[in-house]
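First up is the structure itself, then whatever we jot down about it.
The values are calculated or read from the model by the stated rules, or taken from the named source; none is laboratory data. Treat the numbers as computed from the prediction; the structure is a model and nothing was measured. As a convention, Cβ positions derive from the backbone with ideal geometry for all residues, glycine included, and neighbour counts pool all protein chains shown. Only protein heavy atoms, including side chains, enter the accessible area calculation; ligands, DNA and RNA are left aside. Shrake-Rupley method; radii C 1.70, N 1.55, O 1.52, S 1.80 Å.
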Amino acid sequence: MAVKINENYLLMKSNYIFSEINQRVDRYQNENPDADIIRMGIGDVTRPLPRAVVEKFKEAVDEMSKNDSFRGYGPEQGYDFLIDEIIKHDYEPRGIKLSNDEVFISDGAKCDTGNIQEIFGLENTVAVTDPVYPVYVDSNVMAGRTGPMGDDGRYQNLVYIPCTEDNEFVPELPESSVDLIYLCYPNNPTGTALNKEQLAVWVDYAIENNSIILFDAAYEAYIREENIPHSIYEIRGAREVAIEFRSFSKNAGFTGTRCAYTVVPKELKGFDEEGRPHSLNNLWNRRQTTKFNGVSYPIQVAASAVFSPEGQEEIQESVEYYMKNASIIRESLDNLGLKIYGGVNSPYIWIKTPGEMDSWQFFDLLLNEAHVVGTPGVGFGPSGEGYLRLTAFNTLENTKEAMERMSKLSI
Ligand code: PLP
């Protein structure tokens, strides 16, 4: 008998979009070798690690080279020196109390948002906003929670919550009850944010329906406006219903270095077949200690330098740099008469395609006429059709150049 595969993997569709983008860009570049293509599609940062971070990183690497300061396996949940800083700087100033064993250090919010579904039963109904960061969907497809994709581009057993200009990108409560709800704010891909009242609607829903919210706050550092919650725990009752994911990727440039964390409050409960409650914090701890051996010591030292005064200053500078790009993009596209969303509390700008163009037609127009690469909105879900995402993560020079070229488009 031959080895059987996990056939749920065969149900996945969404990688197609990114290979299709690469193919189209490569083809265009081959046919037009002189075209200077500016990539504004990817969500990776471009500015280097802060100096304060690199200094501590190097010191910690040196420690690893000496007998008396070498460290082997660390705690799977992360070192207290980093967890202390996270609680002190990211939560206490907002009136949120956390204990150290509610914070789990990891090598990425992508891994954590993908892995978290393992601690939940397969029979749970999962809701995602549409468009959505694809990891939430695909990790549930792999687990067998979604069933196949229908002709409408939606997985049959997944609940999609459309976020479009019709509802001003504010997700509406589902008609039927759902168990697990993925929310990402500030949002990738739409770049929009929820204010406290809007997020409270979801926390209240979760309390009433015994649901759990999986709240991805990877872009928290980009929040500029008052009344936009930085953490879901700013909302009353959220400790009983929400897990929060944070990352050092987008604020401090750790996309290649890898460090993030997940907060699982002790109040959170899931239930077994007999209706007995179980601590989700215990389950996640069990999962992590079984399958994960911690983030390396030098990287955790480097991440703790993010909270030093110098680190904070440098991070602020980088975030301002990207947000200046975002405002340049917003202003230029607005002048061009395009309808744009996001880019105020996030580094993503979500553009409504002009006229009757679909996402791919607008993508092709930008590539062919302006040599600018965006991401077709339809790649993030059916409700992303008719939109395109640009990111503010390129250099200021490239961003200005891209906007200059786009200003000459006849649309
Ligand atoms: N969550 C969202 C919404 C993202 O857009 C991304 C990266 O693009 C991540 C998580 C990944 O974060 P990390 O680099 O910590 O894995």
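For residue 92 and residue 369 in one chain, what is 0.36 nm times their gap in residues minus the Cα-Cα distance, to one decimal in nm?
Details: separation 277, 0.36 × 277 = 99.72 nm, distance 4.96 nm.
My answer for the length gained is 94.8 nm.
In nm, to one decimal, how far is the residue 59 label point from the residue 34 one, both placed 7 Å along Cα→Cβ?
5.3 nm
Distances over 20 Å make up what percent of all Cα-Cα pairs in the range 184-335? Walk me through the numbers before you get to the answer.
On the way: 6777 of 11476 pairs.
For the range 184-335, the fraction of Cα-Cα distances above 20 Å is 59 percent.
Cα gyration tensor of the range 304-411, axes a ≥ b ≥ c as square roots of the eigenvalues: rounded (a/c below 1.5), prolate (a/b > b/c) or oblate? Please list the in-between numbers first.
Details: a/c = 2.57, a/b = 1.83, b/c = 1.40.
The shape class here is prolate.
Of 269/291; 97/339; 13/324, which sit over 31 Å apart, Cα to Cα?
Details: 269/291 22 Å; 97/339 41 Å; 13/324 35 Å.
The answer is 97/339; 13/324.
Using a 1.4 Å probe on the protein heavy atoms, what percent of the accessible area of the range 86-180 belongs to carbon and sulfur? Display every interim value, and only then the final one.
Details: 1840 of 4030 Å².
Carbon plus sulfur share of accessible area: 46 percent.
How high is the FRET efficiency between residue 324 and residue 22 when r is their beta carbon distance and R₀ equals 30 Å, given to the nearest 0.05? Show your work: numbers first, answer last.
Working: r = 29 Å, r/R0 = 0.95.
Rounded to the nearest 0.05, the efficiency is 0.60.
If you count only protein heavy atoms with a 1.4 Å probe, what accessible area per residue comes out for the chain, rounded to a whole Å²? Spell out each step's value before the answer.
Working: 18800 Å² over 411 residues.
Dividing the accessible area of the chain by its residue count gives 46 Å².
Answer with one residue from 193, 174, 321: the one whose Cα lies farthest towards the positive end of the charge dipole of the chain, charges on Cβ with Lys, Arg +1 and Asp, Glu -1.
About the Cα centre, the residue reaching furthest to the positive side is 321.
Which value, in Å² and to the nearest 10, is the accessible area of residue 359 when all protein chains are kept and the probe is 1.4 Å?
0 Å²
Dipole of the range 1-116 (Lys/Arg Cβ +1, Asp/Glu Cβ -1, origin at the Cα centre): which of 77, 32, 100 lies farthest to the positive side?
32
How much length is gained on full extension from residue 44 to residue 7, taking 0.36 nm per residue of separation minus their Cα-Cα distance? The partial results should precede the final answer.
Working: separation 37, 0.36 × 37 = 13.32 nm, distance 3.10 nm.
So the chain would gain 10.2 nm between residue 44 and residue 7.
For the chain, the longest stretch holding no chymotrypsin sites (Phe, Trp or Tyr not before Pro) located in a DSSP loop with at most 12 other Cβ atoms within 10 Å is which? Write down the numbers at each step before the final one.
Numbers: sites that count: 70, 73.
Longest site-free region, per DSSP loop and neighbour criteria: 74-411.
Quick check: the distance between the Cα centres of the range 186-225 and the range 336-411, to the nearest angstrom?
Computed from Cα coordinates, the inter-centre distance equals 25 Å.
So between residue 269 and residue 101, what do we pick up on full extension, going 0.36 nm a residue minus the alpha carbon distance? Before the final figure, lay out each step's value.
On the way: separation 168, 0.36 × 168 = 60.48 nm, distance 1.57 nm.
My answer for the length gained is 58.9 nm.
If you build a Gaussian network model of the chain, linking Cα atoms that sit under 10 Å apart, which residue out of 384, 253, 150 swings the most?
150
For the range 239-288, with all protein chains present and a 1.4 Å probe, just round the carbon and sulfur fraction of the accessible area to a whole percent.
Values: 970 of 2020 Å².
For the range 239-288, the apolar C and S fraction of the accessible surface comes to 48 percent.
Checking the cross-link filter: which lysines have an alpha carbon closer than 22 Å to that of residue 66, excluding same-chain neighbours under 8 positions apart?
Cα-Cα hits under 22 Å: 56, 58.
Mind putting a number on the dipole of the range 164-313 about its Cα centre? Charges go on the C-beta only, +1 for Lys and Arg and -1 for Asp and Glu, and I need it in Debye to the nearest 20.
Details: 13 positive and 22 negative charges, 202 e Å.
About 980 debye.
Please state the charge dipole magnitude for the chain, taken about the Cα centre, from unit charges on C-beta atoms (+1 on K and R, -1 on D and E), reported in debye and rounded to the nearest 20. Could you put the intermediate results ahead of the total?
Numbers: 38 positive and 63 negative charges, 127 e Å.
The dipole magnitude comes to about 600 debye.
Quick one: Debye curve from the C-alpha atoms of the chain, no solvent, what's log10 I(q)/I(0) at q = 0.14 Å⁻¹?
Debye output, listed in q order: -1.35.
Could you tell me the calculated FRET efficiency between residue 80 and residue 410, based on Cβ-Cβ distance and R0 = 60 angstrom, to the nearest 0.05? Please list the in-between numbers first.
Values: r = 59 Å, r/R0 = 0.99.
Efficiency for this residue pair is about 0.50.
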